[in-house]
Amino acid sequence: MSDYPHQVSVPTRWKDNDVYGHVNNAVHYSLMDTAINEWMIGKAGFAPLDAPSIALCVESHCQYKAEVSFPDTIRLGLRIGKLGTSSVRWEIGMYRASDDALIAEGHFVHVFVDRETRRPVPIAEPMRTEMSKLVVTPG
């Protein structure tokens, strides 16, 4: 988790389990998307309903490593693997809080576009400055 500058814990819910008794894969994607947007709104001041630009997901991926089930708590770590002019690659690690087991790793790529024209635009300040704090260079 130390590789992820932003971290958040989320309790699983009864409805997150599927018929196989573990959290369904769609929940993992939802949690990743929520962690990213929680950060953009809470830390970078993004106003999704009013901002002149919006972030569109153009790519997503998740690799599952271990099962997790209700009532486990999931710890999500968030970092940025690449910060471009109009795009950002978010990287997310998901861990079971009770034993720190890695349960999934994923990424989302957002492209910032003009709300009206849907054409790419540079990531606005202060969002870019805040994003730069999450950039982790391979070491």
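The values are calculated or read from the model by the stated rules, or taken from the named source; none is laboratory data. All values reported here derive from a predicted model rather than from experimental measurement. Note: ideal-geometry Cβ built from the backbone for every residue, glycine included; neighbour counts use all protein chains shown. Accessible surface areas use protein heavy atoms only, side chains included; no ligands, DNA or RNA. Shrake-Rupley method; radii C 1.70, N 1.55, O 1.52, S 1.80 Å.
Structural remarks
- The residues on offer are Pro52, Pro71, and the sole one that is surrounded by fewer than 13 Cβ atoms within 10 Å (Cβ to Cβ), closer than 29 Å to Glu116 by Cα and in contact (Cβ under 8 Å) with a residue 24 or more places away in the chain is Pro52.
- Thr34 being crowded, with 16+ Cβ neighbours inside 10 Å and among the polar types (S, T, N, Q): no
- Meets criteria (open to solvent by less than 30 Å² (accessible area, probe 1.4 Å) and part of a strand (DSSP E or B)) for Val88: yes
- Taking each residue of region 96-119 that is in a strand (DSSP E or B) and among the hydroxyl-bearing types (Ser, Thr, Tyr) and looking for partners that are open to solvent by less than 30 Å² (accessible area, probe 1.4 Å) and at pLDDT 95 or above with beta-carbon atoms closer than 8 Å, six or more apart or interchain, yields nothing.
- One residue stands out in region 13-31 among those that are assigned to a helix (DSSP H, G or I) and either open to solvent by less than 50 Å² (accessible area, probe 1.4 Å) or touching a strand residue (DSSP E or B) at 6+ places or on another chain (Cβ under 8 Å) (or both): the one that is farthest from Ile92 (Cα to Cα), namely Asp16.
- Residues that are of a type outside the set (Asp, Glu) and outside any strand (DSSP E or B), drawn from region 52-70: Pro52, Lys65, Ala66, Val68, Ser69, Phe70
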